[in-house]
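All of the numbers you see were taken from the coordinates with simple rules; none came from a lab. All figures in this text were calculated on a predicted structure; none of them were measured in a lab. Cβ atoms come from the backbone with ideal geometry, glycine included; neighbour counts cover every protein chain shown.
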Amino acid sequence: MSNTLYITGAGVSAASGVPTFRGEDGYWRIGSKNYTPMEMATRRMYQTRPDEFLAWYYHRFASYRDHGPNEVHHWLADKNLITQNIDGLDGKAGNQNYIAIHGRLDLMTKFHEQGEPVDKHIAPWEQVDESRLSESLLEIFAIPEQGPMLYRSFKPFVLLFDEFYTDLYGLDEAQRRMLAAERMVFMGTSFSVNITQMALDVARSLNIPIEVVDPEPTHILHPDVTYHKMTALEYIQKQG
């Protein structure tokens with residue numbers, strides 16, 4: 001197919017040593033002392049307990065920010081790609097036009113009302129002083145004692161559970177790519193997020209064939225689906 005759209009999830013970054021979200025050691029299995037992961041990754045938590053919120057993301061990003069792309073990322077470097085991953089590894093592999101539909105944790109934006117256009121900046125995680133973690137995080141994200149302030153404080157460039165897709169995350173372009181696709185290949189995703197459901201709806205309505213690459217693939221209601229019960233790495237090795 002001349003126009004294949006690849007949609008990737010956390011399984012693609014597993015070979016780089018980045019835990020999947022729902023695996024045994026995944027992000028969503030590990031919370032803080034007082035909150036579950038589903039409570040942590042929310043706009044509400046950022047606004048009410050920014051110290052807990054930032055520390056949770058810091059520990060996850062700090063542990064993996066120096067990891068490099070794997071063979072799958074390099075294979076996808078020249079592909080039409082939408083990724084759910086926030087690790088930025090596709091960019092490190094050289095893909096200049098991929099869509100990070102859930103954001104990138106190495107970037108940040110001004111705290112703003114959703115839907116408004118804002119600039120992206122490099123997130124200064126390297127400046128964090130772990131000996132005074134909470135205070136340091138609040139300082140570098142410009143969050144005062146009373147909480148985040150609109151257009152003054154900074155927020156990690158990550159789409160949270162209680163937020164919605166906007167064009168800041170490339171939604172319009174993602175939809176255009178879905179509508180133009182002649183084939184969709186889903187790699188390493190559990191189909192538990194809205195963007196995969198959006199893509200499946202487009203595939204069903206336009207009769208676009210799909211492929212699912214996963215060691216334990218989720219069954220999809222679609223008349224033209226091919227399952228590859230294997231890892232993304234095994235799949236690309238078969239492609240040659």
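Using a cut-off of 9 Å between beta-carbons, work out the net charge of the residues near Ser136 (Lys and Arg +1, Asp and Glu -1, Ser136 not included).
Values: positive: Arg132; negative: Asp129, Glu130, Glu135, Glu139.
Local net charge: -3.
Multiplying the residue separation of Thr48 and Tyr64 by 0.36 nm and removing their Cα-Cα distance gives an extension gain of 3.1 nm. Compactness of the chain is given as radius of gyration and Dmax, 18.2, 56 Å, from Cα positions. Computed from backbone phi with θ = phi - 60° and the Karplus coefficients 6.51, -1.76 and 1.60, the 3J(HN,Hα) list for the stretch 107-120 is 10, 8, 10, 5, 5, 8, 6, 4, x, 7, x, 9, 7, 9 Hz; x is used for glycine and proline. Just how many pairs of Lys in the chain have C-alpha atoms closer than 13 Å, counting pairs that are eight or more places apart or on different chains? So the count works out to 4. Here the 3J(HN,Hα) profile of the stretch 56-65, calculated from phi with Karplus coefficients 6.51, -1.76 and 1.60 at θ = phi - 60°, is 4, 5, 4, 4, 6, 6, 4, 6, 10, 5 Hz, Gly and Pro shown as x.
Multiplying the residue separation of Asn97 and Leu179 by 0.36 nm and removing their Cα-Cα distance gives an extension gain of 27.8 nm. Of Trp56, Trp125, the sequence from fewest to most neighbouring Cβ atoms within 10 angstrom is Trp125, Trp56.
Using the count of nearby Cβ atoms within 10 Å as a rough guide to exposure, how do Ser131, Ser63 rank from fewest to most?
Details: Ser131 7, Ser63 12.
So the ranking, lowest neighbour count to highest, is Ser131, Ser63.
Dividing the helix sum by the residues of the chain, where each DSSP H run of 4 or more adds -39500 (n - 2.57), gives a mean residue ellipticity at 222 nm of -8000 deg cm²/dmol. Less than 16 Å from a label point 7 Å out along the Cα-to-Cβ axis of Thr166: which backbone N atoms in the stretch 84-122 qualify, by residue? Backbone N within reach: 101-104, 108-121. Under the combined filter of DSSP loop state and at most 11 neighbouring Cβ atoms within 10 Å, the stretch 113-178 retains these trypsin sites (Lys or Arg not before Pro): Arg152.
Report the full-extension gain for the segment Tyr151 to Ser131: residue separation times 0.36 nm, less the Cα-Cα distance, to one decimal in nm. Don't skip to the end; give the middle numbers.
Working: separation 20, 0.36 × 20 = 7.20 nm, distance 2.84 nm.
Net length gain for the segment: 4.4 nm.
Run through the stretch 152-219 and list the chymotrypsin sites (Phe, Trp or Tyr not before Pro) located in a DSSP loop whose Cβ has at most 11 other Cβ atoms within 10 Å.
Working: sites: Phe154, Phe157, Phe161, Phe164, Tyr165, Tyr169, Phe186, Phe191; in loops: Phe161, Phe164, Tyr165, Phe191.
Those satisfying the criteria are Phe164.
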